[in-house]
Amino acid sequence: MGMKYIDAKMLQKAFLAGAKGLEAKKEWINELNVFPVPDGDTGTNMTMTIMSAAKEVAAIEDPTMETLAKAISSGSLRGARGNSGVILSQLFRGFTKEISGTEQVTTTVLANSFVRATETAYKAVMKPKEGTILTVAKGMADKASELVTETEDIIEFCQKVIEHGDYVLSQTPEMLPVLKQAGVVDSGGQGLMQVVKGALDSLMGKEIDLSVEGSGQLFQTRSETAHLGDIDIKFGYCTEFIVNLEKSYDEKAELEFKDYLETIGDSLVVVSDDDLIKVHVHTNDPGLAIQRALTYGSLSRMKIDNMREEHQEKLIKESEKLAEQQKAERQKKEEPRKPYGFISVSAGEGLDEIFRGIGTDYLIEGGQTMNPSTEDMLNAIDRVNADTVYIFPNNKNIILAAEQARGLVEDKKVIVIPSKTIPQGITAIINFATELSPEDNERNMIEEMSRVKTGQITYAVRNTVIDDIEIQEGDIMALGDQGILAVGKDIESTVLHSLVSMVEEESELVTIYYGKDVNEDDANVLKEKAEEKFSACEVELHSGGQPIYYYLISVE
């Protein structure tokens, strides 16, 4: 007879199974990154996006299509990270618009949902590129529309749609030469396939762990961010002392002593030497530990701390700190709004200081290694008390999340300056002019940052070929605005080689930001060599403190 429809409870489990299917393969998907850099993040971004929705979906005790649609759409929208995550959230948004008014999902509803999901996602991307997750989604939507007149069986329908999705995914390297050269399929498309395959597994009755951390109710295993006040301290006294041995203490006696201490506490550490024993134990009765220890000798350096009391003091201090922060935020919101404010994504203490120094009001921690979510952007916008808020994503993979956040804000004018690198963001902010209108400033900043060339120096995590350049695992790579600038065996020569292709006759300024893994002396040597090699340019050196990337360099 087959499965003729999916009800709300079945859809809830299918969505959670899809989320878990993606989560299980996220590292594999990360490794499909075209560039062999140590921060491939498509799998992570897509997983964090869908798990944001999964927490809300899992918390619904008695689901309806309407409540599921709202949870999936809202959760994924706010949790969206990176381009792949934002596109996934838009696919869910379109899908849920189609199902929200139904009671049961049939093959017809599914086909319409696939089509609407694809249309919504394509509209969200300014310049859709074929050979990506969008292509895979469209391929499945087209197949679904074709199948709707052929079968009413949900399982057969989904199997054939997925089979075609896999085929379209396998063809992505033929659509994007960069995929073919790297020997990978599109990572976003692969992530999407993991979601739909996980959902089908659930519909077919496969046993799947549907627990979602932090979901609150249904399928919950444990809270992801348990409140400190909820911590159960089983043994309240941290007890430490040294036993100065005065009696025989052989291996048998040591085992007996440890066995006894384990009956009255935990977190046990007993270290013995020829003439002393060092003891650490958490217990509710320090006296019992002390009495047994005295049978072996005298005690010294005794220390007993009430952990419950310390815990309570910590809670009070943290509550006071939180109250002060909330008070400061309330006071700031009550102040008259200033005309404009800046939000910037940054990564590294040195870069944070630079952004603050040029007037940034709020910094979002992130960048290539961890893309902030739409929710992060919304929280930042809420904290900047200004009529017009400018956001500088400083990474091409964060721009879509910033634009998605802009569309959700109603009480402020939000302008996203599409900076793709840290140096572009710095240049854009520096060129802000108070006398210009928001629209004129937007145009001016975009124009000025377009003059900035950027290089990012990191290392390769696998062997590959890009732009006909052979890259070996461990090689140093300089990534430019349009692709690979240079590949070498040592950092300094790779930086200098990349600058050769970046510096032109009219170039005036070279700026070098060194990362947290670079010695300051080495950075100064590099600066001197750059000054010698590019004598017509001024060369500036700053501590960026960024992870993963040894250097960020810019030429203006």
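Listed values, structure above:
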item: Antiparallel DSSP beta bridges within the chain, percent to nearest 5; result: 70 percent
item: Cleavage-rule hits (GluC sites (Glu not before Pro)) in the range 351-453: DSSP loop, at most 14 neighbouring Cβ within 10 angstrom; result: Glu410, Glu435
item: Cα-based convex hull volume of the chain per residue, rounded to whole Å³; result: 216 Å³
item: 4 °C / 1.567 mPa s Stokes-Einstein diffusion coefficient of the range 8-203, Kirkwood radius on C-alpha pairs, µm²/s; result: 79 µm²/s
item: Point-to-point label distance, Ser300-Arg451, nm (Cα→Cβ direction, 7 Å offset); result: 7.3 nm
item: Linear extension gain, Ser170 paired with Asn463, 0.36 nm per residue minus alpha-carbon span; result: 103.4 nm
item: Dipole axis of the chain (+1 Lys, Arg; -1 Asp, Glu on Cβ), positive-most option in Phe95, Ile354, Cys537; result: Phe95
item: Extension gain, Ala536 back to Leu509 (0.36 nm per residue minus Cα-Cα distance, nm); result: 8.8 nm
item: Dipole-positive endmost among Met302, Val270, Tyr5 within the chain (Cβ charges, Cα centre); result: Tyr5
item: Candidate aspartates and glutamates - alpha carbon under 16 Å from Lys327, same-chain residues fewer than 8 apart omitted; result: Glu318, Glu335, Asp382
item: Equivalent ellipsoid dimensions for the range 231-310 as semi-axes, Å, which come from the Cα gyration tensor, largest first; result: 23, 13, 9
item: Dipole magnitude (debye, nearest 20) for the chain, charges at Cβ of Lys, Arg, Asp, Glu; result: 1580 debye
item: GluC sites (Glu not before Pro) within the range 487-554: DSSP coil, no more than 13 neighbouring Cβ in 10 Å; result: Glu504, Glu505, Glu506, Glu508
item: For the range 336-449, size of Cβ-based charge dipole, Lys and Arg +1, Asp and Glu -1, in debye; result: 60 debye
item: Relative contact order [Cα under 8 Å, 6+ residues apart], the range 8-203, whole percent; result: 28 percent
item: Reachable lysines from Lys247, criterion Cα separation under 26 angstrom, eight or more residues apart if same chain; result: Lys258, Lys278, Lys303
item: Pairs from Lys55/Lys234; Lys9/Lys129; Lys123/Lys338; Lys321/Lys396; Lys138/Lys396; Lys123/Lys396 whose Cα-Cα separation, in the structure shown, is over 27 Å; result: Lys55/Lys234; Lys9/Lys129; Lys123/Lys338; Lys321/Lys396
item: Potential lengthening between Thr149 and Glu470 on full extension [0.36 nm per residue; Cα-Cα distance subtracted]; result: 110.6 nm
item: In Hz, Karplus ³J(HN,Hα) per residue of the range 477-486 (6.51, -1.76, 1.60; θ = phi - 60°; x = Gly, Pro); result: 10, 10, 9, x, 5, 10, x, 6, 8, 6
item: Tensor-based shape of the range 336-449 (alpha-carbon gyration tensor, a/c under 1.5 rounded, otherwise prolate or oblate); result: rounded
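Quick note: the coordinates plus some simple rules give every number you see, no bench work behind them. It should be emphasised that the depicted structure is a prediction, and the values quoted were computed from it without experimental measurement. With ideal geometry, Cβ positions are generated from the backbone for all residues, glycine too; neighbour counts draw on all protein chains shown.
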